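Structure first, commentary second.
Readers should treat all values here as calculations from the given coordinates under stated rules, not as data from a laboratory. For clarity, every value in this text was computed on a predicted model and none was experimentally measured. Cβ sites come from the backbone with ideal geometry, for glycine too, and all protein chains shown count toward neighbours.
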Amino acid sequence: MSRRRGTLIVVSAPSGAGKTTLCREVRSVVPELAYSVSYTTRAPRAGEMDGVDFRFVAEAVFSEMVARSEFAEWAVVHGNLYGTSTRTLEQALEAGRDILLDIDTQGARQLRSRYPEAVLIFVVAPTMAELEQRLRERRSDAPQEIARRLVRAREEVVAWREYDYLIINRDLKEAVDQLAAVIQAERCRTSRLSLRRSDLGISD
Ligand code: 5GP
């Protein structure tokens, strides 16, 4: 019954906090939630699919998109370029669909200033030791890369205060429940709704 614009649901976390799994799981429990597939110059990891996990592009292609102002935000993360297409976001918002973004803190800041009504959620592992263990268990990155990600995690974690919500990922199910609850609560926020009197059963 509501004719509301969609909402940007921005999720950031230091690498290894479980954000990718969390974002995937929440999409299976929250209905009508779109996902923003980012552009990146990073090479695909085993099992990642172009157009599903990321749009994998050459640096020249990415630079052209920057020059044409096609990104709502973009940043250098772990030495690679990542960006969010403005068109993807606008299409979802215009259609009244909420859209989930898995982006870093630099990107979240850019989106916050461009879309002040965006909801920002920060996810952390319970401890740094746990984060390190998760990165090692993932086996997708070389030891040097893991060390780089840990240094960056320590820098990134202080950004939590800039976010609207904090989720401590001790247990995946609990974290999914919390993220789903945040999204559902935001859907009920009166400031996001534009209702007619008749939508509330009030006859003129
Ligand atoms: P990974 O390469 O490990 O999948 O992601 C590395 C980091 O890049 C993660 O923190 C992820 O949230 C971030 N990231 C993914 N897509 C984007 C994007 O479009 N913009 C920004 N700013 N960060 C992104």
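For segment 153-161, 3J(HN,Hα) computed residue by residue from phi via the Karplus equation (6.51, -1.76, 1.60; θ = phi - 60°) reads 4, 4, 6, 6, 4, 5, 6, 4, 5 Hz, glycine and proline entered as x.
The simple Förster model, with R0 at 22 Å and r as the Cβ-Cβ distance, assigns Asp50 and Asn80 a FRET efficiency of 0.90.
With 10 Å bins beginning at zero, the pair-distance distribution over Cα atoms of segment 118-204 amounts to 14, 32, 26, 14, 8, 5, 1 %. Which whole-number percent of Cα pairs in segment 4-53 have a distance greater than 14 Å? Percent of Cα pairs beyond 14 Å in segment 4-53: 63. What base-10 log of the normalised intensity I(q)/I(0) is obtained for the chain from the Debye formula, alpha carbons as equal point scatterers, at q = 0.12 Å⁻¹? Log10 I(q)/I(0), no solvent term: -0.64. For segment 1-97, the equivalent ellipsoid derived from the Cα gyration tensor has semi-axes of 24, 19, 11 Å, listed largest first. Dividing the mean sequence gap of close Cα pairs (under 8 Å, 6+ apart) by how many residues segment 89-204 holds gives a relative contact order of 25 percent. Contact order for segment 1-104, expressed relative to its length and based on alpha carbon pairs under 8 Å spaced 6+ residues apart, stands at 45 percent.
Looking at segment 26-101, which GluC sites (Glu not before Pro) are DSSP coil and have at most 14 other C-beta atoms within 10 Å of their C-beta?
Filter output for segment 26-101: Glu32, Glu48.
Please compute the Cα-Cα pair-distance distribution of segment 73-169 with 5 Å bins starting at 0, giving whole percents from short to long. Histogramming segment 73-169 at 5 Å steps yields 2, 11, 19, 21, 19, 14, 8, 4, 1 percent. Counting beta carbons within 10 Å around each of Phe122, Phe71 and listing the fewest first gives the order Phe71, Phe122. Select from Ser12, Ser191, Ser85 the residue whose mean-square fluctuation is largest in a Gaussian network model of the chain (Cα-Cα springs shorter than 10 Å). Residue with maximal mean-square fluctuation among Ser12, Ser191, Ser85: Ser191.
The relative contact order of segment 65-126, computed from alpha carbon pairs under 8 Å that lie at least 6 residues apart in sequence, is 27 percent.
Scan segment 77-133 for trypsin sites (Lys or Arg not before Pro) in coil per DSSP, keeping those whose Cβ has at most 16 other Cβ atoms within 10 Å, and list them by number.
Here the sparse-neighbourhood loop sites are Arg97.
Once you've got the GNM for the chain with C-alpha springs shorter than 10 Å, pick whichever of Ile99, Ile121, Ile146 has the biggest mean-square fluctuation. Of Ile99, Ile121, Ile146, the Gaussian network model singles out Ile146 as fluctuating most.
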